[in-house]
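The structure appears below as structure tokens.
Just so it is clear, none of the values below were taken in a lab; they were calculated from the coordinates. Nothing here was measured: the structure is a model prediction, and the numbers come from that model. So basically every Cβ, Gly included, is an ideal-geometry build from the backbone, and we count neighbours across all protein chains shown.
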Amino acid sequence: MQCVTLKKGVECAFMTRKGCNFNGGRCHSVVDSCQGCSRAASFEEGTFCTVAPNPAVKWARGSCNFATHLERKAVEQTQKINPLKASKRAAASKKK
Ligand code: SF4
């Protein structure tokens, strides 16, 4: 449902017909770490995150997983190879 309180017009899971259902009944402003994120938007009452009602919580345990201004390090994929299975595979391919 679209917000009608602080972030007017933004789709929000916490908005109900009876009003904002989020803890405290209102969103919290963005934090310093949100500087540069494209999900932060300015509204009449201040700057809020369009996806997270409480940005401080998103940064409490490391980086926000929704942040658009952080460079994600590519996770190096190293596949463990079982040497016994690899030798069997190699032997099977030689038989063909
Ligand atoms: S997505 Fe994360 S970093 Fe971006 S504004 Fe929201 S809480 Fe802040």
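The orientation-averaged projection of the convex hull spanning the C-alpha atoms of segment 1-85 amounts to 8.6 square nanometres.
With an 8 Å Cα cut-off and a minimum separation of 6 or more residues, compute the relative contact order for segment 15-95 in percent.
On the way: 59 pairs, mean separation 18.7, N = 81.
Taking the mean separation of contacting Cα pairs over the length of segment 15-95, I get 23 percent.
Pairs of lysines in the chain whose Cα atoms sit within less than 27 Å of one another amount to 14, provided the residues are eight or more positions apart or on different chains. The sum of -39500 (n - 2.57) across all DSSP H runs of n ≥ 4, divided by the residue count of the chain, sets its helix-only mean residue ellipticity at 222 nm to -5500 deg cm²/dmol.
With θ taken as phi - 60° and the Karplus curve 6.51 cos²θ - 1.76 cosθ + 1.60 applied, the whole-hertz 3J(HN,Hα) list for segment 10-17 is 8, 5, 9, 6, 8, 7, 10, 5 Hz, x standing for glycine and proline.
Overall, the chain carries a charge dipole of about 1220 debye about its Cα centre when +1 sits on the Cβ of Lys and Arg and -1 on the Cβ of Asp and Glu, all other atoms neutral. Stokes-Einstein diffusion of segment 41-96 at 4 °C, 1.567 mPa s viscosity, Kirkwood radius from Cα pairs, rounded to a whole number: 80 µm²/s. Of the options 29, 4, 62, report the single residue whose Cα projects farthest towards the positive end of the charge dipole of the chain (beta-carbon charges: Lys, Arg +1; Asp, Glu -1). Highest projection toward the positive end goes to 62.
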